[in-house]
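The values are calculated or read from the model by the stated rules, or taken from the named source; none is laboratory data. Computed from a prediction, not measured in an experiment: that's the story for all the values here. Virtual Cβ from ideal backbone geometry, glycine too; neighbours counted across all protein chains shown. Protein only, heavy atoms only, side chains kept; ligands, DNA and RNA dropped before computing areas. Shrake-Rupley method; radii C 1.70, N 1.55, O 1.52, S 1.80 Å.
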Amino acid sequence: MWKELFETEDEDVTVPDVLRMLEQPSLPEWKRLPLGLIALVDGLLVCGHKLLRVTPAYVEMLEDTGSFLQYPWGREAFVSTLSRFCLLYTSDAAD
């Protein structure tokens with residue numbers, strides 16, 4: 001799916017790259033929904049990188065758009081956000 005959407009095997013694609021792709025009038029229609037979805041997920045819901053890199057695992061999930069849309073993105077976003085704000089309990093923290 002990655003190679004089909006981005007026409008490269010290079011996994012250094014960012015959300016701004018995706019947004020630029022979506023601005024192109026020559027972009028094939030079938031790519032618009034998957035690229036829009038990945039921009040929303042990696043750029044807004046579960047943005048885990050400062051550089052907003054696209055997550056290969058999420059791109060692969062786009063093989064089945066219906067399943068992608070049913071995925072619990074709200075929970076994923078919550079867990080991702082929570083993990084950034086909470087200190088993880090370690091034995092060092094208890095000392």
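Condition first: free of Cβ contacts under 8 Å to residues at least 40 places away in the same chain, under 16 Å from the mean Cα position of the chain (by Cα) and more than 13 Å from residue 38 (Cα to Cα). Now tell me which residues in segment 5-19 satisfy that.
10
Working only within segment 50-63, note down all residues that are surrounded by 12 or more Cβ atoms within 10 Å (Cβ to Cβ), out of contact with any Gly (no Cβ under 6 Å at 6 or more places or on another chain) and not in a helix (DSSP H, G or I).
53, 54, 55, 62 - these are the residues of segment 50-63 that are surrounded by 12 or more Cβ atoms within 10 Å (Cβ to Cβ), out of contact with any Gly (no Cβ under 6 Å at 6 or more places or on another chain) and not in a helix (DSSP H, G or I).
Go through (1) assigned to a helix (DSSP H, G or I); (2) open to solvent by 30 Å² or more (accessible area, probe 1.4 Å); (3) not aromatic (Phe, Trp, Tyr) and name the single condition residue 43 misses.
(2)
Collect the residues in segment 1-24 that are open to solvent by 50 Å² or more (accessible area, probe 1.4 Å), under 14 Å from residue 47 (Cβ atoms) and of a type in the set (S, T, N, Q), keeping them in residue-number order.
Those that are open to solvent by 50 Å² or more (accessible area, probe 1.4 Å), under 14 Å from residue 47 (Cβ atoms) and of a type in the set (S, T, N, Q): none in segment 1-24.
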